[in-house]
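Only one structure is covered here, and it is reproduced in the block below.
Since every read-out is calculated from the coordinates, none of them should be taken as a lab result. Fair warning: this is a prediction, and the values are worked out from it, not measured in the lab. Positions of Cβ are generated from backbone atoms using ideal geometry, with glycine treated the same way; all protein chains shown enter the neighbour counts.
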Amino acid sequence: MKVSMFHLMPYRDLPEDFEKRYRSVWVDPPWGELADPEKVGQYYNWTLDELFYAARAGLDGVCTNEHHQNAYGFMPNPNIMGAYLAKATNGLPVAIVQMGATPPTTSPPIRVAEEYAMLDCISGGRLVAGMPLGTAMDVNFCYGIPPIEQRERYREAHDLIIKAWTSREIFAWNGKYWKLPLVNLWPRPIQTPHPPIWVPGSGSVSTWDLAIDNDHCYCYLSYYGWQWARDMVDGYWARVEQKGKERNPYRLGFLQLVAVAETDAAAERDYARHIEYFFHKCLHVYNGYTYPPGYHDWESLVHMVRRSAMDRRRLFNLQEKSYPDFVREGNVIAGSPATVQDQLEEAIRRLRIGNLMVLLHIGSMPHELTLKNIDLFAREVLPSLRPLWDDEGWENHWWPRALLSRAPQSAPAQP
């Protein structure tokens, strides 16, 4: 299987009482009161260093993502980060996983097609092309797209991007939202017919359908952990079977928070305050921003409402929980290498995860501790995960073909 490092790049120094004084970490946190531009510059450089370190340590991919007007993860243009990583990792067998540029907010969407093609060319054909629908916070509140239009815009953008990559002829696009007289993409991706496409989501049935119908990898991005995700992922696999597709584990990507230390006690000592920072501050989002009317289509809305009341309550009492709760409920997998390995293997087998993304920088975690986490994960945990699906003989159609036969790098010495 493939394991990539995901990085949100949150603001690492929010005030202790942030969640009590401010309504939301997303959309309306006041920059002038909370942020220091010089610290932000340091965070960007640390983030790039951490992702590059993960690439050298032997992880299979490095992941960036797009968000706006927030202190939870502020890469407004992930392709700037991806361009550095594509160049810096040339010669390493690591995928550039853009999770990614958001098509509905990029006008016209061929800008995504062009920039992704650049990254694929710079990296020598190592791009994984994420196509996120986008959160309501980013798309509706920050960028002003009406919720009722978002999914329709996304589908049109998706089709336009793929046609721009694959058409042999110059064509005109006469869509509902974009009208382009001449589409003639320069450059085109190295990978043919196009780079593998990953579709991030949080459980919408229509997103499942788009991913399954187009044979994309569906990636469940949730920060509540694999135990919370079981019912949702079971529903996804049922949908896969209903549509007559194979239960190939590489059809599913999954994000999990992970913190590795020498022992379980050392993990709590090193990481507890940073994990609590993440859940208490970085996920402190005003409920009125999360699901405005029209954001979900009907089937997805019904599916969301049918989730059990107990599970829904778990999402809204984060402030009452501490590190032992987050570990016990599987929101984060933390502990010694043996503990982390056992729990990750259980999660991977239970959910049928073929493309795992691990969040190895969490909350306020300082740079040196992040490097330690990456190093311990790469040396002590990662080798046991890679062969988990080898016994079933599945082929990973959702990974750059140039990397499928290349051996991973050995991990560096502990920093």
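Cβ crowding within 10 Å ranks LYS163, LYS243, LYS281 as LYS243, LYS163, LYS281, fewest other Cβ atoms first.
Across the cross-link table entries LYS2/LYS179; LYS2/LYS87; LYS87/LYS243, which are compared at the Cα atoms, the separations over 30 Å belong to LYS2/LYS179; LYS87/LYS243. Taking other Cβ atoms within 10 Å as a rough exposure proxy, THR370, THR47 sort from fewest to most as THR47, THR370.
Note on the chain: antiparallel DSSP beta bridges, both residues inside, total approximately 10 percent of the bridges counted.
Listed from fewest to most Cβ neighbours within 10 Å, the set SER24, SER4 follows the order SER24, SER4.
The shape of region 148-222 comes out oblate: with a ≥ b ≥ c from the C-alpha gyration tensor, a/c is at least 1.5 while a/b does not beat b/c.
If R0 equals 25 Å, the separation of the Cβ atoms of ASP36 and TYR286 corresponds to a calculated FRET efficiency of about 0.60. If you take the charge dipole of the chain about its Cα centre, with +1 on Lys and Arg Cβ and -1 on Asp and Glu Cβ, which of TRP26, VAL327, PRO132 is farthest toward its positive end? Most positive-ward Cα: PRO132.
Which pairs, out of LYS20/LYS321; LYS281/LYS321; LYS176/LYS245, put more than 21 Å between their alpha-carbon atoms?
LYS176/LYS245, as the Cα separations exceed 21 Å there.
The label-point distance for LEU301 and SER202, in a model that sets each label 7 Å from Cα toward Cβ, rounds to 1.7 nm.
Given 0.36 nm per residue, what is the gain on full extension from SER405 to GLU262 after removing their alpha carbon distance, in nm?
Roughly 48.2 nm would be gained on extension.
Using only Cα atoms, locate the centre of region 155-176 and the centre of region 54-121, then give the distance between them in Å, rounded to an integer. Each part reduced to its Cα centre gives a spacing of 21 Å.
Would you compute, from DSSP H runs of 4+ residues alone, the mean residue ellipticity of the chain at 222 nm, taking -39500 (n - 2.57) per run and dividing by the full residue count, rounded to the nearest 500? Mean residue ellipticity at 222 nm (helix-derived): -12000 deg cm²/dmol. Spin-label pair THR166-GLU246: with each label point 7 Å from Cα along the Cα-Cβ axis, the two points sit 1.9 nm from one another. Normalised size of the chain, defined as Cα radius of gyration per 2.2 N^0.38 Å with N residues, equals 0.93. Relative to the Cα centre, the charge distribution of the chain, modelled as +1 at Lys and Arg Cβ and -1 at Asp and Glu Cβ, gives a dipole magnitude of about 740 debye.
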